[in-house]
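Everything on this sheet refers to the single structure shown next.
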Amino acid sequence: MRIEIAEHGRMTESGSSLLRLIQNQDIPLLDLLVRESIQNSLDAASNTSTKVSVDIQVGEFKAKDLNKHFEKIEDGLNRRYIKTEPKFIAVRDSGTSGLTGPVRYEDVKNNFFGNLLKLVYEICKPQSNEGAGGSWGLGKTIYFRLGIGLVIYYSRICEKGKYQSRLAACLVENETQKDALIPHSGGVKRGIAWWGKKESPFQKTTIPEDNEQEIQRILNVFGIPSYGAKETGTTIIIPYIDEEALLSEVYAKNEPIAEKPYWANRVEDYLRVAVQKWYAPRLNNVDYPYGAYLSASINRQKIKVSEMLPLFRCVREFYIKALGKTLDDDSLIKEEGVAEGEQLYEESIDLRGVLNATSSGKFVYARLSRKQLQMEPPLNNKSPYQQITNMPVQMEGGNGPIIMYTRRPGMIVGYDYDSTWTHRMPKSGPDDYIIGLFVANSANTLKNITDQRTGKPMTLEEYIRQGEKADHASWSDRNISGNNPRIISNIQKNVINKVKKQFSEPVKEIYERQNIGLSHALANMLLPASDFGSVATLPPAPPGGEKAPGHRGGRKSSLAVTGGPYYSNGKVKLDFEIVLKGKNCQIQLQVLTDFKRYHADIWESSDELGKAFPVEFVEFNVNKIGTSVKGKPVLRDISLNLSPGSPGGHTEELDVHYIRSKRFASYSYIELKPLATECILHGTLSFEFKDSSLKAVCELKEL
């Protein structure tokens, strides 16, 4: 393909400035890709389509096969990548109109640029159709940030009954870098270039390639099929992605490996989750009321409703309920023998004085259990917080609500669990989650406010759309003709009040609240004084007495301290001998007071201290393991070392792993699963105090 190098001019963007236009540090690039690309596809749905199909592909390609198609940068690409195995991401849609419109600026009439010029050759040219996703025209810059800035656009369109294929490419790079690919002959560099065909050797500008054979040769590099004879759609190909860099945004390297969700290990797995996260309302939803619904796949494997992560499946069901539809019998929200109305709340958010109809939208919410969210064995799904943030989230005083909001396009704009939508909402217990979705009444109109674009009363949809930032990550109010209707803030207040009314506990009588305060004061009195517990001890022996180390009689498993305690930098280390009698056991850290003994789940419960447990394991090491023969131990040397965050350990006699507390995820339990009738362990364990005034012990419990 022939090159066209963008020349510098007044009021023009450079490559380096384009790459900085949307610098959203809160949302990973892969999420921004899903949000932007799918929204572009949905906005381009053809008038006759009932669904838009989007397939996101991730794969490898041969650099030399691609580079030869790019005039003037082939050698530079070969120097960088010829010895590597580069990867690409491609977003392919069908059921859409494709990149229609003129291919030359001289053909633009009435300032109508069309999809092709706006996407490939322009910036800040947003969608103008009613209900479109974007209002800034900046989201397309995400394509240039995923790889080296090179993007290939392929489309098949039908205009005036005639089908045609188009392919063009664009490179946006930081023109100030020493290894910039775009050549220059002096003067000011801009860092932008396009590739296509030139209609004559004397032209500087290019237009998209329309030769089917040439287009097919480029598609073959990636193994991407061309569109059928009467099929329309667009495929965006981003070569030379850095998979490791993209995934490092998803899950930080300093976070616990044991908490890392499976979808953070591969780009294709993460994309499958990201599609659910942002487009659950419209995904496979034939009830979607505003046009074509979304059918999505990753590497040609369709995303099925039954395979969605439970939180996003619930979001989809909330949206269906907000439309006034009945949920399917296999809904996650329903439980056997429980009526839908007792589980799911659907309420109108009414605003008076600012809208021509009182309802600003529907709010659907529920308090869902760990079982409904499939967090229990055998599925063991991550918490809703981790499904939306990828990171482990610890909540104090109970689980905070999660509130989502969406408008006409059916994309979730944001997930709020600690900001303006939820800041005064009540928290639920450690085993429940309050989850809600607000769906805007897009067709409603504002009183006495005219849309300057159409001359008609401004719709609520357009008010919200224009108030979104360029990354469409939140809603905000704004002044119109000198007045601020405060629609968004009033919606938020109403949503908060609905949840408070439904789930807040009744206000306690004065004497009950006084008793609660007295209980807290009494608890503080019963806790040990400062510097109490300078030596870690074992719990008292049970009646009948445990056998000393070396004596393994009796039917119960046992733990004995054989050395220590040793102290270092706030940590306590013990040598131990553990005898397991064929039953699963748990080593528990416990805090001793003059009144009661607490393990982590009791300490952290709302009925007791309600705070994170102050003692945690930091090491568990086994250096000898075996069994006894005729009353004498037969042990062999091993090296089994675990620290918090380790996935666990395994030998032929034993499985061992950390168990975290239910509420604040403290590392305060170690579970031992013997694989033989009797198992003897010698080793060391260490734990650390977060409060030096406390006294702690270790106890072995048979499960």
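Residue check: is D471 open to solvent by 20 Å² or more (accessible area, probe 1.4 Å), touching a helix residue (DSSP H, G or I) at 6+ places or on another chain (Cβ under 8 Å) and at pLDDT below 85?
Taking the combined requirement at face value, the residue satisfies it.
Considering region 298-328 alone, what residues qualify as being of a type in the set (D, E, K, R), under 16 Å from L373 (Cα atoms) and surrounded by fewer than 17 Cβ atoms within 10 Å (Cβ to Cβ)?
Correct list: E307 only.
Within region 603-633, take every residue that is of a type in the set (G, A, S) and within 42 Å of the chain's Cα centre (by Cα) and give me the one that is most open to solvent (accessible area, probe 1.4 Å).
So the residue we want is S606.
Conditions (1) assigned to a loop (DSSP other than H, G, I, E, B); (2) among the hydrophobic types (A, V, I, L, M, F, W, C); (3) open to solvent by less than 10 Å² (accessible area, probe 1.4 Å), marked per residue:
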residue	(1), (2), (3)
E4	no, no, no
E7	yes, no, no
S17	no, no, no
I27	yes, yes, no
N40	no, no, no
N47	yes, no, no
D55	no, no, no
D65	no, no, no
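Within region 369-388, is there a residue that is assigned to a strand (DSSP E or B) and open to solvent by 10 Å² or more (accessible area, probe 1.4 Å)?
Among the residues of region 369-388, at least one is assigned to a strand (DSSP E or B) and open to solvent by 10 Å² or more (accessible area, probe 1.4 Å), which makes the answer yes.
With the structure loaded, tell me whether I625 is aliphatic (A, V, I, L, M), touching a Lys or Arg at 6+ places or on another chain (Cβ under 7 Å) and either in contact (Cβ under 8 Å) with a residue 60 or more places away in the chain or in a strand (DSSP E or B) (or both) or whether it fails that test.
Considered against the rule, which asks whether it is aliphatic (A, V, I, L, M), touching a Lys or Arg at 6+ places or on another chain (Cβ under 7 Å) and either in contact (Cβ under 8 Å) with a residue 60 or more places away in the chain or in a strand (DSSP E or B) (or both), I625 comes out as yes.
Within region 426-448, can you find the residues that are open to solvent by 20 Å² or more (accessible area, probe 1.4 Å) and part of a loop (DSSP other than H, G, I, E, B)?
Correct list: P426, K427, G429, P430, D431, N441, A443.
Starting from region 351-375, keep only residues that are closer than 16 Å to I464 by Cα, then list their pairs with residues that are of a type in the set (F, W, Y) and open to solvent by less than 10 Å² (accessible area, probe 1.4 Å) whose Cβ atoms are within a distance under 8 Å, requiring at least 6 positions of separation or different chains.
Hits for this filter: G361/F438; K362/F438.
From S17, S94, which residue is among the small types (G, A, S), at pLDDT 95 or above and within 34 Å of the chain's Cα centre (by Cα)?
Values: S17 fails: at pLDDT 95 or above.
The match here is S94.
If you take the residues in region 133-174 that are open to solvent by less than 10 Å² (accessible area, probe 1.4 Å), modelled with pLDDT of 90 or more and assigned to a loop (DSSP other than H, G, I, E, B), which one is nearest to E243 (Cα to Cα)?
L146
Can you name the helices (runs of 4 or more DSSP H) wholly within region 236-344 that have at least 1 residues being of a type in the set (S, T, Y) and touching a residue at least 24 places away in the same chain (Cβ under 8 Å)?
Qualifying helices (runs of 4 or more DSSP H): 267-279, 310-322.
When you check S185 against the structure, is it free of Cβ contacts under 8 Å to residues at least 40 places away in the same chain and open to solvent by less than 50 Å² (accessible area, probe 1.4 Å), yes or no?
When the stated conditions are applied, S185 does not pass them.
How many residues are more than 31 Å from the chain's Cα centre (by Cα) and assigned to a strand (DSSP E or B) if we restrict to region 634-669?
11
Name the residue that is nearest to Y385 (Cα to Cα), counting only residues in region 246-297 that are small (G, A, S) and buried (at least 23 other Cβ atoms within 10 Å of the Cβ).
Only one residue tops the list, namely A274.
Select from region 143-175 the residues that are under 17 Å from E36 (Cβ atoms) and among the small types (G, A, S) and list them in ascending order.
Selection gives G147, G149, S155.
Is it the case, given these coordinates, that I449 is under 19 Å from the mean Cα position of the chain (by Cα) and closer than 16 Å to S360 by Cβ?
So I449 does not fit the description; no.
So, in region 345-360, exactly how many residues are surrounded by 16 or more Cβ atoms within 10 Å (Cβ to Cβ), assigned to a loop (DSSP other than H, G, I, E, B) and either at pLDDT below 90 or not β-branched (V, I, T) (or both)?
The total comes to 1.
The values are calculated or read from the model by the stated rules, or taken from the named source; none is laboratory data. Nothing here was measured: the structure is a model prediction, and the numbers come from that model. Because the Cβ atoms are built from the backbone with ideal geometry, glycine has one as well, and the counts that use them run over all protein chains shown. Surface areas here come from the heavy atoms of the whole protein model, side chains and all, with no ligands, DNA or RNA. Shrake-Rupley method; radii C 1.70, N 1.55, O 1.52, S 1.80 Å.
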